[in-house]
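Below you'll find the structure, written out as structure tokens, and then a few comments.
Derivation of every value follows stated rules applied to the coordinates shown; laboratory data play no part. This structure is a prediction, so every number in the text was calculated from the model and none was measured. Methodologically, a virtual Cβ is constructed for each residue, glycine included, from the backbone with ideal geometry; neighbour enumeration extends over all protein chains shown.
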Amino acid sequence: MTDIVPLENFVNGAWVRSTGPDHLDVPDPSDGSVIARVPRSGAADVDLAVRAARAAFRRWKEVPVAERARRVLALRNLLEAHADELARTVVRENGKTLDEARGSVRRGIEATEFAASAPTTLQGSFLEDVSPGVDSTLLRQPVGVVAGITPFNFPVMIPLWMAPLAVVCGNAFLLKPSERVPLSARLLATWFEEAGFPPGVFNLLHGDAAAVDAILAHPGIDAVSFVGSAPTARHIYTTAAAHGKRVQALAGAKNHLIVMPDADLDRSVPAILSSAFGQAGERCLAASVIVAVEPGGDRLVERLATEVSRLPTGPAGRPDTVVGPVIRPDHRERVLRWIRDGETAGAKVVARGPEPPAGPGFYVPPVLFDHVRPEMPIAQEEVFGPVLSVIRVGSLDEGLDVANRSRFGNAAAIFTRDGRAAREFVHRIEAGMVGVNIGVPAPAAYFPFVGWKGSFYGDLHATGRDAIEFYTRKKVVTTRWF
């Protein structure tokens, strides 16, 4: 452990040591062993990176868009060639199972492929004769220097939602990954350099809250993309906006899945289990609440309980593991506290997963609650762990009312064979990403990741055309020739 050298930042095409006074240990969630040490970069480190990015931006924005897209394609090919290395790094630092890690890397590569379509997506528009002899042209130009502040739960996918699109639009980019998962970001920086991006176009800065606050206040940063918890998203949004920056802040969730009495449980139950307990529940599209429409509740809960009691929890790299560890010991204690609070409030634990193997990993076996009431905190707050609550209702109308009372609006889904019920749900549910017989309604990279209500702060969402709009500024040119 004492031989582990603190990681370096990647600034202006070179690896440089942070000026921060100390570092944080990075444990493997599966066994607690220290696998890296991450520096706590401060304002001086941020300033160095921003100065490099601003200088690079002035040159990079003049590079033809087709050439920028070719660099992104080169990056995509490197990601593809090293996809397994990336996935195994995610397993080690995050605790995802290998299949989950591979899936998240694949979605990051898909986002990079979308970014490479910039010669089409960046096209403007033209209208002649808006007035006699007068024409108007709409152009899209880069914003400037963009910072991406990314979470621990998707250490490859979410940086790839941001950085390839930002740079292909002509911006320079500064990545501040979660200090809990720095190793994937180090690999990404290596491949951005190998893909041929000029020094300063992509920069990597390690650190924690001090680095984030310095980013939010720095006058040389024009826009901030963020994904993380609801309280932090509010802080990011209000602070960065107060400093005149463009902001998109993706926040927390409490996703409801309505299960109708006619649902095909042979297909619905596996989808629900994967949504609720995949990645130990540490994702913003995880199912948190099942709204069981009677008279189907008993049958559904019985099926779910049988399966939950069989879900093995264990080390992320083991082939038979279904539920891996949570990210840190303090988060494990937080999730366990939520479980105790749910029992105290009167919810009934109807199933627990098998106990994990003895050892130092950060494990929480999956838990299924029944007879949860909508007003209980466990039904309202984001647990971010392998905990699933069942609320019983008498009708679809009542189920929609329960779901729509949530202050979050990230995702929701319905399981049914009734097209009329599905259409009613899609029309009335107050969430941005909606599934019909889909447990995790994650949009493809060319659609926006659309949280509503307290799940998003800003105007333009991540991924898809919204991201193109976020990373560019519009300019309208009105022309008359005498």
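Tabulated data for the structure shown
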quantity: Under-5 Å amide H pairs with residue 97, H placed in peptide plane, nonlocal only; calculated: 279, 324
quantity: Prolate/oblate/rounded call for region 12-141, Cα gyration tensor, a/c under 1.5 rounded; calculated: oblate
quantity: Rounded if a/c under 1.5, otherwise prolate or oblate - region 255-436, Cα gyration tensor axes; calculated: prolate
quantity: Which listed pairs, of 61/475; 348/453; 61/245; 96/348; 176/254, have C-alpha distances above 23 Å, in listed order; calculated: 348/453; 96/348; 176/254
quantity: Residue 415 long-range amide H proximity, modeled H, under 5 Å; calculated: 258, 259, 260, 437
quantity: For region 406-471: rounded, prolate or oblate by the Cα gyration tensor [a/c cutoff 1.5]; calculated: prolate
quantity: Cβ crowding within 10 Å averaged over residues, with 167-174, 349-356 ranked highest first; calculated: 167-174, 349-356
quantity: Protection-proxy order for peptides 175-183, 419-427, each taking the mean of Cβ atoms within 10 Å per residue, highest first; calculated: 175-183, 419-427
quantity: Protection proxy ranking of 390-401, 248-259 - average other beta-carbon atoms within 10 Å, highest first; calculated: 248-259, 390-401
